[in-house]
Amino acid sequence: MSDVTLYHWEPNANSGKPMLALMEKGVEFESHYLDLLNFDQHQPDYLAINPQGTIPAMTHRNPKLGDRVLTESTAIMEYVNAAFPGPQLMPDDPKDQWRVRWWMKFIDQWLAPSFSMIGWSVFIGPAVRKKDPRELEAAIDRIPLPERRVAWRKAIYGAFGEEEMKESQRRVAVGIRMLEDALSQREWLACNEYSLADINGFNSTYALPLSQPDLANDEKTPHILEWLRKVYERPAAKKTWAMGKTDMVKRVKLLERS
Amino acid sequence: MALVLYHGAPNGPSLTALAALFETGHDAELRPIDLTMAERHSDKLPHNTETEMSIEGEGPVLVADGEPMADSVFLACYLNDTTQTSPIAPTDAFARWEMMTWCRQIIERVAPAAAYLGVKAHLGGKLSSFSDAAFEKLMAPIKSEDLKARWNDIREGVFDDEKISDSKAKIKAAVEMVEAKLGDGRDWLLGEFSIADLETYAWLAGMRDIELAAFEGATGINGWLGRMKARPSVARALSLATTPAPQEVWAPGPEINRWG
């Protein structure tokens, strides 16, 4: 039995970050799939592990201290890199490390929420709305964090205002420009080495050529497209995305070079 | 390593960066700028994408060997990781995860709330006295549209009731989080003194006057606030203040989470 168990949904956004980091490090882990759309993450057996009911979470067995629980996907990635042998996913240079962290924060807190506001209105809202309304309300009531209850309600009932969606679309356009600029200055997103910033960024942007075809394509953003293909070519990325079950993440196949 | 720190009054993110600098013992040139007058965007200091688009809002900029860097927690990590001894961050991977996760909670929940309540109490009045033309001139070099929108809201006195009550709740929750940690009688939040103490103090110190009720009956936090204030690095940072109450100096901070 493995010392590491990862509780995750699809290789996408937050769940995909520690999945890919573990794969890159060559760490064996037990995969515990939670169906986000079935609200598995708010069921008592998972809340016993992560009372906040957010995905992903990871447990790592310590011989003296037992299973230690880790949450927050970006912080989990830094832990995975530091705690296990295998290839370094943080550059040696402290300024490069700063740039890795800056980009991860920018993506986590500014760019990815805009992507997901659009993604939820396209994928998750319509998928979940097919459920029985009373069952759905009960499921929302079980969400432990009040702000997550608000976010789920907005996503499920398509309650994002026009202004909010417009602002998200504006941010997506700005963010795509910033990614293209950064990737035209250096080999990888934060520095000249592959790092956690690339793992983080890829998880939010792998489907860009399909979801934002007018903004991200071979003509307008050649560096983004090349970068996405380079990441997906990595054996660890192939293995990670092979764990996907939904059509949403199978969009990654568009990155295969012909 | 040539370091220049452009910093505002010792409160919020500038306090974190200044105290981290003094904790780590680096030699740096200090250049004060007025964050409340949007001076971070002026030609007094160098810029790049990362400083212009920093989602910390108006915070300090550390220039290391010519490269400007922003975001106070990561500046503190940089200052720590360029020492031999890691004085303000644990070297054990799990303890480091605890510190980074704690700081993320502060960055994402507490900082936007504190900045919102802080500018409402202390910056709005100052900005409303500017003529349109003078204010426009201050705003012109700001590259981040959403940061500019926050400046405009403050000047026009647009403060959303929901955001105010959400911010008050976040400050209360932060005080409870700190109390819970200190419950076993420890001196510092995560056991050993770390960047988590600096970042938490930097955002909460100014809240005691504004959100009195949140601190009522909280016994642990008051002792901890006192220990923090007395720490030589923090005391030295506070001694750089040019006004008698630096905890009342607030500039627009990170935005409140758009997802609710």
Residue within the stretch B:56-69 that is touching a helix residue (DSSP H, G or I) at 6+ places or on another chain (Cβ under 6 Å), among the β-branched types (Val, Ile, Thr) and more than 14 Å from chain A (Cβ to nearest Cβ) present: no
Number of the exception - A:ARG149 against (1) within 13 Å of chain B (Cβ to nearest Cβ); (2) farther than 13 Å from B:TRP259 by Cβ; (3) of a type in the set (D, E, K, R): (2)
Pick from the stretch B:156-182, criterion under 13 Å from B:TYR116 (Cα atoms) and of a type in the set (D, E, K, R), ranking: surrounded by the most Cβ atoms within 10 Å (Cβ to Cβ): B:LYS170
Selection from the stretch B:70-82 of residues that are among the polar types (S, T, N, Q) and at the interface with chain A (Cβ under 7 Å from one of its Cβ atoms): B:THR82
Flag if B:ALA251 is at negative phi, assigned to a loop (DSSP other than H, G, I, E, B), surrounded by 15 or more Cβ atoms within 10 Å (Cβ to Cβ) and in contact with a Leu (Cβ under 8 Å, 6 or more places away or on another chain): yes
Within the stretch A:178-192, tally of residues that are of a type in the set (A, V, I, L, M) and not in a helix (DSSP H, G or I): 2
Qualifying residue in the stretch B:16-23 (condition: part of a strand (DSSP E or B) and of a type outside the set (A, V, I, L, M, F, W, C)): no
Unmet criterion (only one of (1) without any contact (Cβ under 8 Å) to a residue 40 or more places away in the chain; (2) under 30 Å from A:VAL128 (Cα atoms)) for A:ALA13: (1)
Filter result for the condition that a residue is more than 18 Å from A:PRO146 (Cα to Cα) and in contact (Cβ under 8 Å) with a residue 24 or more places away in the chain, over B:LYS163, B:LYS137, B:LYS143, B:LYS170: B:LYS143
Yes/no for A:GLN52 being over 18 Å from the mean Cα position of the chain (by Cα) and either outside the structural domain of A:ARG148 (by TED's automatic domain parsing) or over 19 Å from A:GLY244 (Cα atoms) (or both): no
Among residues of the stretch B:38-55, those that are small (Gly, Ala, Ser) and at the interface with another protein chain (Cβ under 9 Å from one of its Cβ atoms), counted: 1
The stretch A:135-169, residues that are without any contact (Cβ under 8 Å) to a residue 40 or more places away in the chain, within 30 Å of A:THR221 (Cα to Cα) and in a helix (DSSP H, G or I): A:ALA155, A:GLU162, A:GLU163, A:LYS166
Options A:TYR194, A:TYR157: the member that is modelled with pLDDT of 95 or more and of a type in the set (Ser, Thr, Tyr): A:TYR194
Selection status of B:ARG40, among the basic types (Lys, Arg), more than 30 Å from B:GLU98 (Cα to Cα) and assigned to a strand (DSSP E or B): no
Residue in the stretch B:105-123 that is more than 18 Å from B:GLU248 (Cα to Cα), among the aliphatic types (A, V, I, L, M) and either more than 10 Å from chain A (Cβ to nearest Cβ) or surrounded by fewer than 20 Cβ atoms within 10 Å (Cβ to Cβ) (or both) present: yes
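Every residue, every condition in (1) crowded, with 18+ Cβ neighbours inside 10 Å; (2) within 19 Å of the chain's Cα centre (by Cα); (3) more than 21 Å from A:ASP247 (Cα to Cα), yes or no:
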{"site": "A:ALA159", "(1), (2), (3)": "no, no, yes"}
{"site": "A:MET165", "(1), (2), (3)": "no, no, yes"}
{"site": "A:SER168", "(1), (2), (3)": "yes, yes, yes"}
{"site": "A:GLN185", "(1), (2), (3)": "no, no, yes"}
{"site": "A:SER195", "(1), (2), (3)": "yes, yes, yes"}
{"site": "A:PHE202", "(1), (2), (3)": "yes, yes, no"}
{"site": "A:PRO213", "(1), (2), (3)": "no, no, no"}
{"site": "A:THR221", "(1), (2), (3)": "yes, no, yes"}
{"site": "A:TRP227", "(1), (2), (3)": "yes, yes, yes"}
Options A:TYR79, A:TYR46, A:TYR7: the member that is away from chain B (no Cβ under 12 Å), of a type outside the set (A, V, I, L, M, F, W, C) and within 23 Å of A:GLN109 (Cβ to Cβ): A:TYR7
Hits in the stretch B:83-104 (condition: at the interface with chain A (Cβ under 10 Å from one of its Cβ atoms), touching a Phe, Trp or Tyr at 6+ places or on another chain (Cβ under 8 Å) and of a type outside the set (Phe, Trp, Tyr)): B:ALA93, B:ARG96
Residue satisfying condition, being surrounded by 20 or more Cβ atoms within 10 Å (Cβ to Cβ), of a type in the set (Gly, Ala, Ser) and outside any loop (DSSP other than H, G, I, E, B), within set B:ALA149, B:ALA89, B:ALA95, B:ALA76: B:ALA76
When residues of the stretch A:179-202 are limited to those that are within 11 Å of another protein chain (Cβ to nearest Cβ) and touching a residue at least 24 places away in the same chain (Cβ under 8 Å), the one farthest from A:GLY53 (Cα to Cα): A:ALA182
Odd one out for A:PHE106 among (1) more than 9 Å from chain B (Cβ to nearest Cβ); (2) among the aromatic types (Phe, Trp, Tyr); (3) surrounded by 15 or more Cβ atoms within 10 Å (Cβ to Cβ): (1)
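The values are calculated or read from the model by the stated rules, or taken from the named source; none is laboratory data. Just so it is clear, the structure is predicted and the values come from calculations on it, not from any experiment. Every residue, glycine among them, receives a Cβ derived from its backbone with ideal geometry; neighbour counts consider all protein chains shown.
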